[in-house]
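Scroll down for the structure; my scribbles are underneath it.
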Amino acid sequence: MARGLFPWGFFRKPLYIQTRFSYLHMKYLFFSWLAVFVGSWIVYVEYSSYTELCRGHDCKNAICDKYRKGVIDGSACSSLCEKDTLYLAKCFTVNPHSQVYSGSWGDLEGVIKCQMEDAPHYDIGGEMEPKKEAAAFNKPTKGTSVEKFREMILNHLKAKVGDQANLADLATQVLSIADANKDGHISLPEARSTWALLQLNEFLLALVLQDREHTPKLLGFCGDLYVMEKVAYSPLYGINLPWIIEVWIPAGLRRSMDQWFTPSWPHKAKISIGLLELVEDVFHGTFGSFLMCDVSAVRFGYNERHDLKVMDARYIVPEAIFEEIIRQQRCDVDEDCLFGADCLTSCDLTKHRCTPEVTRPNLAKACDTLKDYILRGAPSDVSEELEKQLYACIALKGSAEQMEIEHSLILNNIKTLLWKKISHTKDS
């Protein structure tokens, strides 16, 4: 009878609800804890990466210490170290040895770059240029005449780009830059700053291409810290996503997303012509040949007039230097002979040394970068022929010297095709 008056279901229901509530409560607490843990870990990793990579103020302090001691001098030294009118703003550093910051200098906006390294070496897996010595800025030595300094510059340029007929003109340009305060004299601190800058591929390329407008203008320098003009739009294309999102996006969708925020097609055509002209300029140019060892979109940008600009020239290296260094590289497979993302040579298995000839010319790498960029939104009357020419370009193998006629023919075909389509518009 008692069983009929007090059914067990009356007691079970609250117990079930209580158990369910406890389960949901624990589940909520677990995921909340997990979210806090993952978030804290991401913040820690990002902060650790930032503090390890972004050491621009350490670089500034080291440069200003040498400036105050009279070791170095340059057009940016006073503003950086005394007047505080040259500011380091947002950090864009990806390599702790080469600090990159946005910055402002009075009314000018620019990009500030500063080198940090303790021991000089060439590294095929890193940057193909010597690093700062521990006792930096010790050349030229006290008592060196301007003529002797000029000879030092000529010999250095000859080692970098080969024995070119007009190296004397380039040396004159270097001496003009060295006279930072334009008083008609080159002081020893100014000469030491200039010599340090000459060790950098990016500075050398800016000198070589200064009349071609593919590289940002040098605004000033202090030691081997230097300021370049700001490029309004960079990278060439692509969007930056947090790595935790990046890993979940399929490669095909990622390539498509990179083309979502790009200029109109006529503007893209003008930018693409700029990259093709850069390939022409660095191949058998006025001051020798250069290899483009990373032609990815992040290395380039463009200004308001849609003129292409090189954002990061560390991987555009003199061919003579590349061949000298790559020959010394030990290898077991071809992949051991890779510099940057794009300069691959073959491995001589009889000697276990890399051969000096790259497997792909600069033009093929440039066309590979431009393919999706310029074909997306291309007018129907040129898209088929443009695609045909681009794939022929990408298929180029061997060095440009070995196939110079075909190389020039394809390059001119693509440029002509693009120019014909935009030459009658204001975009040209």
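The values are calculated or read from the model by the stated rules, or taken from the named source; none is laboratory data. Model, not experiment: these values are computed from the prediction. Virtual Cβ from ideal backbone geometry, glycine too; neighbours counted across all protein chains shown. Each accessible area value is taken on the protein alone, full model and side chains, heavy atoms only, with ligands, DNA and RNA left out. Shrake-Rupley method; radii C 1.70, N 1.55, O 1.52, S 1.80 Å.
Numbers at a glance
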| read-out | value |
| --- | --- |
| Residue match in the range 232-239 (condition: out of contact with any Pro (no Cβ under 8 Å at 6 or more places or on another chain), β-branched (Val, Ile, Thr) and outside the structural domain of GLY103 (by the TED database)) | yes |
| Count of the range 209-234 residues which are open to solvent by less than 20 Å² (accessible area, probe 1.4 Å) and either at pLDDT below 90 or not in a strand (DSSP E or B) (or both) | 7 |
| Sole residue being among the acidic types (Asp, Glu) and modelled with pLDDT of 85 or more, chosen from ASP123, ASP107 | ASP107 |
| Condition broken by ALA313, with the remaining ones in (1) among the aliphatic types (A, V, I, L, M); (2) crowded, with 22+ Cβ neighbours inside 10 Å; (3) over 11 Å from the mean Cα position of the chain (by Cα); (4) not in a strand (DSSP E or B) satisfied | (3) |
| Of all residues making up the range 375-394, the number that are in contact (Cβ under 8 Å) with a residue 60 or more places away in the chain and open to solvent by less than 40 Å² (accessible area, probe 1.4 Å) | 2 |
| Scan of the range 341-368 for residues that are part of a helix (DSSP H, G or I) and open to solvent by 30 Å² or more (accessible area, probe 1.4 Å), ordered by number | ASP368 |
| Flag if LEU80 is open to solvent by less than 30 Å² (accessible area, probe 1.4 Å), in contact with a helix residue (DSSP H, G or I) (Cβ under 9 Å, 6 or more places away or on another chain), modelled with pLDDT of 90 or more and closer than 26 Å to VAL298 by Cα | no |
| Subset tally (residues that are in contact (Cβ under 8 Å) with a residue 60 or more places away in the chain, part of a helix (DSSP H, G or I) and open to solvent by 20 Å² or more (accessible area, probe 1.4 Å)) for the range 137-179 | 1 |
| Residue pairs meeting the criteria (Cβ under 6 Å; at least 6 apart or on separate chains; first in a loop (DSSP other than H, G, I, E, B), in the range 180-196; second polar (S, T, N, Q) and open to solvent by 40 Å² or more (accessible area, probe 1.4 Å)) | ALA180/SER75 |
| Matching option when the condition is open to solvent by 40 Å² or more (accessible area, probe 1.4 Å), basic (Lys, Arg), in the same structural domain as LYS270 (by the TED database) and modelled with pLDDT under 95, among LYS371, LYS397 | LYS397 |
| Test for ASP381: is it more than 21 Å from ILE316 (Cβ to Cβ) and acidic (Asp, Glu) | yes |
| Residue within the range 194-208 that is surrounded by 13 or more Cβ atoms within 10 Å (Cβ to Cβ) and over 27 Å from ALA159 (Cβ atoms) present | no |
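Table: residues versus (1) modelled with pLDDT of 90 or more; (2) open to solvent by 20 Å² or more (accessible area, probe 1.4 Å); (3) part of a loop (DSSP other than H, G, I, E, B).
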position	(1), (2), (3)
VAL279	yes, no, no
LEU291	yes, no, no
ARG305	yes, yes, yes
ALA320	no, yes, no
ASP332	yes, yes, yes
